[in-house]
Amino acid sequence: MAPTASTWKLLGYSTHSEAQVREAATLPVDYVAIGPVFATTTKENPDPVVGLAGVTAARRATDRPLVAIGGITRQNALAVLAAGADSVAVVRDLVAAPDIEAAARDFLQRLR
């Protein structure tokens, strides 16, 4: 029987440095998040920005799927993926758009 969406469980671990990524790689997690890649306003006291170099370092530190978080926009997502992220998490660039659905379509088109 194929799994359904309700039976899928993914466990991720958020990190903010290469050292934390290395530690996360020893844990029983499905993916590792790294960030914030860029400045973000979704948290009151965000961790220091890791930048694209931090994404590249994180990619070298783990073979787990790598999710980039923090300040990801339609304009910088491709650079983040090129730096080594397998995927990106996006909040502000979509929810602040006047038309979220149009912004999401635009985002997906840029990633194709």
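Which of ILE72, ILE34 has the fewest other C-beta atoms within 10 Å, and how do the rest follow up to the most?
In order of increasing Cβ crowding within 10 Å: ILE72, ILE34.
Sorted from fewest to most neighbouring beta carbons within 10 Å, what does the list GLU44, GLU18 look like?
Fewest-to-most ranking of GLU44, GLU18: GLU44, GLU18.
In the range 1-103, which chymotrypsin sites (Phe, Trp or Tyr not before Pro) are in a loop and have at most 14 other Cβ atoms within 10 Å, using DSSP for the loop call?
Sparse-neighbourhood loop chymotrypsin sites (Phe, Trp or Tyr not before Pro): TRP8.
If you take the square roots of the eigenvalues of the alpha-carbon gyration tensor of the chain and sort them as a ≥ b ≥ c, do you get rounded (a/c under 1.5), prolate (a/b over b/c) or oblate?
oblate
Run the simple label-point estimate for GLN75 and LEU27 please: 7 Å along Cα→C-beta, distance reported in nm.
In this crude label model, GLN75 to LEU27 measures out at 3.3 nm.
Loop only by DSSP, 11 or fewer other Cβ within 10 Å of the Cβ. Give me the trypsin sites (Lys or Arg not before Pro) in the range 33-64 that pass, ordered by residue number.
In loop regions of the range 33-64 (DSSP not H, G, I, E or B), the sparsely surrounded trypsin sites (Lys or Arg not before Pro) are LYS43.
Please arrange THR7, THR56, THR15, THR41 by how many other C-beta atoms lie within 10 Å of their C-beta, fewest to most.
On the way: THR7 8, THR56 17, THR15 25, THR41 11.
In increasing order of surrounding Cβ atoms, one gets THR7, THR41, THR56, THR15.
Bear in mind these aren't lab numbers, they're just calculated from the coordinates by the rules spelled out. What you are looking at is a predicted structure, and each value in this text was computed from that prediction instead of being measured. Methodologically, a virtual Cβ is constructed for each residue, glycine included, from the backbone with ideal geometry; neighbour enumeration extends over all protein chains shown.
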